[in-house]
1. With just the Cα atoms defining each centre, how far is the range B:53-115 from the range A:1-59? Give it in Å.
2. Per residue of A:36-42, how many C-beta atoms from partner chains lie within 10 Å of its own C-beta, taken as a mean?
3. Heavy atoms only, probe 1.4 Å: what % of the accessible area of chain B goes to carbon and sulfur, would you let me know?
4. Based on the Kirkwood radius over alpha-carbon pairs, what is the Stokes-Einstein translational diffusion coefficient of the range B:12-115 at 25 °C with 0.890 mPa s viscosity, in µm²/s?
5. Taking a probe of 1.4 Å and counting only protein heavy atoms, give the total accessible area buried between chains B and A in Å², rounded to the nearest 100.
6. Once the Cβ-Cβ distance between A:ASP58 and A:THR81 is put in as r, and R0 is 22 Å, what FRET efficiency do you end up with, to the nearest 0.05?
7. Counting only protein heavy atoms, probe 1.4 Å: which residues of the range A:86-109 lose 50 Å² or more of accessible surface in the full assembly compared with their chain by itself?
8. Where a ≥ b ≥ c are the square roots of the eigenvalues of the C-alpha gyration tensor, would you call the range A:28-98 rounded, which needs a/c under 1.5, or, failing that, prolate if a/b is larger than b/c, or oblate?
Amino acid sequence: GEDVEQSLFLSVREGDSSVINCTYTDSSSTYLYWYKQEPGAGLQLLTYIFSNMDMKQDQRLTVLLNKKDKHLSLRIADTQTGDSAIYFCAEMSGGKLIFGQGTTLQVKP
Amino acid sequence: DTGVSQNPRHKITKRGQNVTFRCDPISEHNRLYWYRQTLGQGPEFLTYFQNEAQLEKSRLLSDRFSAERPKGSFSTLEIQRTEQGDSAMYLCASSTWDQRGDEAFFGQGTRLTVV
């Protein structure tokens, strides 16, 4: 079945690295995504990774994919207070995006 | 192109009334998705289109819900005989779905409150 799981909450200090983890179930997923949502706003696409890659880096963001374990992570380097938001992992399964519940990232000054 | 556009941004309606939401996707995108999001949850898939064809509907989409994309461009989502449980944020997304990749971009959503 389709299921994406994330831990619900992460708290870090400003300047530290944040690592948000996600597991998914569909081994045939072609793309895996990270979205950011700030209060009252829509979802902002941060980055995505094709399933035949194991890493993708984009400025402060690093995505790691372990296809064998169906595990995806998002590392945010030098986390800033503006990074405080909910982060959603999603898999492309059967032509549609399936989302996790989201991880609330709290950045303390 | 300024991205995916949804209208209205907010809608308050009385229980039992019908409501219709509109989504204008990014112009060259051939796929269009509708999602529903309630507080503290991730977006739940409702339905999606490739061009004008509706390819899948979630079992969450009761017969009170209908979506159209008549010319393969904008889409409408109608909810008939609204219930309080329909209160949620309705999100639209579009993507290109080609060999370059599949970046799915979301609109700002329509927040529905049923009173």
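The values are calculated or read from the model by the stated rules, or taken from the named source; none is laboratory data. Remember, it's a predicted structure, so these values are computed and weren't measured experimentally. Every residue, glycine as well, gets a Cβ built from its backbone with ideal geometry; the counts of neighbours run over all protein chains shown. In case anyone asks, the SASA skips ligands and DNA or RNA and just uses the protein heavy atoms, side chains included. Shrake-Rupley method; radii C 1.70, N 1.55, O 1.52, S 1.80 Å.
1. After rounding, the separation between the Cα centres reads 22 Å.
2. The mean count of partner-chain Cβ atoms within 10 Å per residue comes to 4.
3. 44
4. Diffusion coefficient, whole number: 176 µm²/s.
5. 1700
6. Details: r = 20 Å, r/R0 = 0.92.
Working from the Cβ atoms, E equals 0.60.
7. Checking the loss per residue gives A:GLY95, A:LYS96, A:LEU97, A:PHE99, A:GLN101.
8. The shape class here is oblate.
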